[in-house]
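The values are calculated or read from the model by the stated rules, or taken from the named source; none is laboratory data. On a predicted model such as this, the values are computed, not experimentally measured, just so you know. Quick reminder, even Gly has a Cβ in these numbers, built from the backbone with ideal geometry, and neighbours come from all protein chains shown. Ligands, DNA and RNA are excluded from the accessible area calculation, which covers all protein heavy atoms including side chains. Shrake-Rupley method; radii C 1.70, N 1.55, O 1.52, S 1.80 Å.
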Amino acid sequence: MDNQEIDKRQIYVVGHKNPDTDSICSALSYAYLKNTCENTTIYTPARAGQINQETQYVLNAFHAQPPVYLHDVMTDVRDIEMNVVEGVTEDVSLKKAWHRMRDRGDVTVPVIDKKKLVGIITLGDIANAYMDVYDNCILSRAKTSYKNILETLEARVVVGDKSGYFENGEVVIATANPDVLEDYIHPGDMVILGNRYETQLCAIEMGASCVIVTMGARISKTIQIFAKEHNCILINTPYDTATVARLINQSMPIGFFMKREKLTTFRITDKTEDIKVIMKKKRYHDFPVLDEDDNYVGMISRRTLLNLRRKQLILVDHNEVSQTIDGIEFADILEVIDHHRIGTLETVAPVFFRNQPLGCTSTIIYQMYLERGIEIPKNIAGLMMSAIISDTLMFHSPTATQIDKDAACKLADICGIDIEEFAINMFGAGSNLGDKAPEEIFNQDYKNFSVNGFEFGVGQINSMNSIELEEIRAKLDLYIKEHLPELGVEMCFFMLTNIANEKTLLLCFGDRSRELVREAFKLPKTQKKFELKNLVSRKKQLIPAFVSVLQQWEK
């Protein structure tokens, strides 16, 4: 992927929770259409749940990859425009770190070792290092490298190895006479002095590990030879003694002052709602971000949260809040393509909304291909055809229209498929649920609804095998009774639909669930088992009947 493609905006095309074949195939086919028509945006097909057996059969039949799985669409750290502050190693000098932060305007710099975060250094840490009063052993306790000293003092090594460290001794400024200095200079000390031959000779003789000669003064050959014989590093700097005394502590490594423990870091997968709470409790200006492998990737601050990029979505095959992917309130909805009733979804800004009374969302998308003059590839045609067959129950559902049937036939011609044969195999694959756990069967096609303050859920399984439906009924009956309190609804219904006989066994759970069914379908008050003939559509038959009753009920 080139840089130009990386910069493109990404929009997810996603169906409802517990996706059915139409939800998955609509996401795939509409994303393909949008990507074909536009080149400034990447449209990514997504799903908000696991793929059922029927849909997997369709994907396998047309060699299609499943949409990417999104657990939710809440914003995370990856959606924040991070400040890419280049990390430094802990041996960098205070002076170099401060100049770098000043030039870039950074307040905090990460300290890294082979991409791993080992600490952070802030402007406050550097300011404290400059202002605090330290004893003259601080340079050696910090294990300051001669490389840092040379860099800070703009100096050069005249004698000795510049790759070493000043690790023992004190820093002494030699301004007194040699006979007095003998009481102040100890073996291993670093001595700062001027162009005085006797003082230089005394310092080396007293065992100084390093002598810094100021003002760029010429160092005699005799002193150089004497320093070499005593393993003393001889350094020459253009700065005067007072300046050297002021600058020398700036050569210390930031590793001596940086914060190493209890660092407040975030991972790129952390949710922004969670990190906002943490940021409010901390006094830091910037916070390091790590990837899944604990590698440092950048810095974020409270200010960068203002540039948060909310995930952008196109919803297909639903427009009910209860059916949308988790975290929808944190995302921007750009379009809705659906064939269901207008639900409870609200948007902040106007959106493109296309809703038609057809049997399948993929039929609407097929029309959009024709309207835009886009050629339909064989695999995309197969996906849309499968979705129409599935949602209309091979045109037996009351939701099916002639438009759906015509679309499916034309799509079948494109992909070279016999509709009836394919439908039998597809429904057979989808109803092969004998080995599935009750939870998997329940979640295969379950949706929540809200009407007049009443919350209820409806699931559906289609099969051409009455024996299998009876086995499923036994599993679901126990499962739903046990888990009803966890579903967050007052009533729960499950449709066991026999496609061949065009009838549904409706399972009811919840205090008023049977009352609702009896009123909706005008059944006797004593009836407890509901086997409803010619009821196969949740969308066009069951839900409208429930809505008309619930709108009259009072909470």
query = When only DSSP loop residues count, what GluC sites (Glu not before Pro) in the range 472-555 have their Cβ near at most 11 other Cβ atoms within 10 Å?
reply = E554
inquiry  = For a 25 Å ceiling on Cα separation, which of these pairs sit above it: K405/K475; K114/K311; K522/K555; K115/K162; K96/K282?
reply    = K405/K475; K114/K311; K115/K162; K96/K282
key: Whole-angstrom gap from the range 9-43 to the range 76-144, using each part's C-alpha centre   = 45 Å
ask   = Which aspartates and glutamates have a Cα less than 13 Å from the Cα of K259, not counting those fewer than 8 places away in the same chain?
value = E90, D125
query = Which Cα, out of M206, S220, I233, lies furthest along the positive dipole direction of the range 186-236 (beta carbon charges, K/R +1, D/E -1)?
reply = S220
inquiry  = Please list 3J(HN,Hα) in residue order for the range 513-520, calculated via the Karplus relation 6.51 cos²θ - 1.76 cosθ + 1.60 where θ = phi - 60°; whole Hz, with x for glycine and proline.
reply    = 5, 5, 4, 5, 5, 4, 5, 5
key: Cα lying deepest toward the dipole's positive end in the range 314-364, options P357, I314, I328, charges on Cβ   = P357
inquiry  = I'd like the distance between the alpha-carbon centres of the range 269-308 and the range 316-353, rounded to an integer number of Å.
reply    = 29 Å
query = Between N443 and E273, what FRET efficiency follows from the Cβ-Cβ distance if R0 is 35 Å, with the result rounded to 0.05?
reply = 0.85
remark   = Farthest towards the positive end of the dipole of the range 48-152, among I51, I80, S145 and with Cβ unit charges of +1 on Lys and Arg and -1 on Asp and Glu, lies the Cα of S145
request  = Write down the Å³ per residue value for the convex hull defined by the alpha carbon atoms of the range 212-312.
outcome  = 205 Å³
query = How much length is gained if the chain between D113 and M131 is pulled fully straight, taking 0.36 nm per residue apart and subtracting their Cα-Cα distance, in nm to one decimal?
reply = 3.7 nm
request  = From zero up to wherever the largest Cα-Cα distance of the range 287-353 sits, split into 10 Å bins and tell me the percent of pairs in each.
outcome  = 17, 37, 21, 20, 5
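Express in % the proportion of alpha carbon pairs of the range 128-256 at distances exceeding 26 Å. The partial results should precede the final answer.
Numbers: 921 of 8256 pairs.
Percentage above 26 Å: 11.
To the nearest 20 debye, what charge dipole does the chain have about its Cα centre, counting +1 at the Cβ of each Lys and Arg and -1 at the Cβ of each Asp and Glu?
900 debye
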inquiry  = Given bins 5 angstrom wide, list per bin the percent of all Cα-Cα distances in the range 174-220, short to long.
reply    = 5, 26, 37, 24, 8, 0
key: the range 277-402: translational diffusion in µm²/s, Stokes-Einstein, Kirkwood Rh over Cα pairs, 37 °C, 0.692 mPa s   = 180 µm²/s
query = Under Stokes-Einstein, with the Kirkwood radius over Cα pairs standing in for Rh, what whole-number D in µm²/s applies to the range 1-125 at 25 °C and 0.890 mPa s?
reply = 133 µm²/s
remark   = The answer for the chain, accessible area per residue at 1.4 Å probe in Å², is 48 Å²
inquiry  = Limiting things to C-alpha atoms, what are the Rg and the maximum Cα-Cα separation (Dmax) for the range 354-485, in angstroms?
reply    = 17.4, 52
ask   = At a 1.4 Å probe radius, carbon and sulfur cover how many percent of the accessible area of the range 478-542?
value = 48 percent
request  = Round to the nearest 0.05 the FRET efficiency obtained for S163 and L478 when R0 = 56 Å and r is the Cβ-Cβ distance.
outcome  = 0.15
ask   = What 222 nm value per residue comes from the helices of the chain, counting each DSSP H run with n ≥ 4 as -39,500 (n - 2.57) and dividing by all residues, nearest 500 deg cm²/dmol?
value = -10000 deg cm²/dmol
request  = Wrap a convex hull around the Cα atoms of the chain, take a quarter of its surface area, and give that in square nanometres.
outcome  = 35.3 nm²
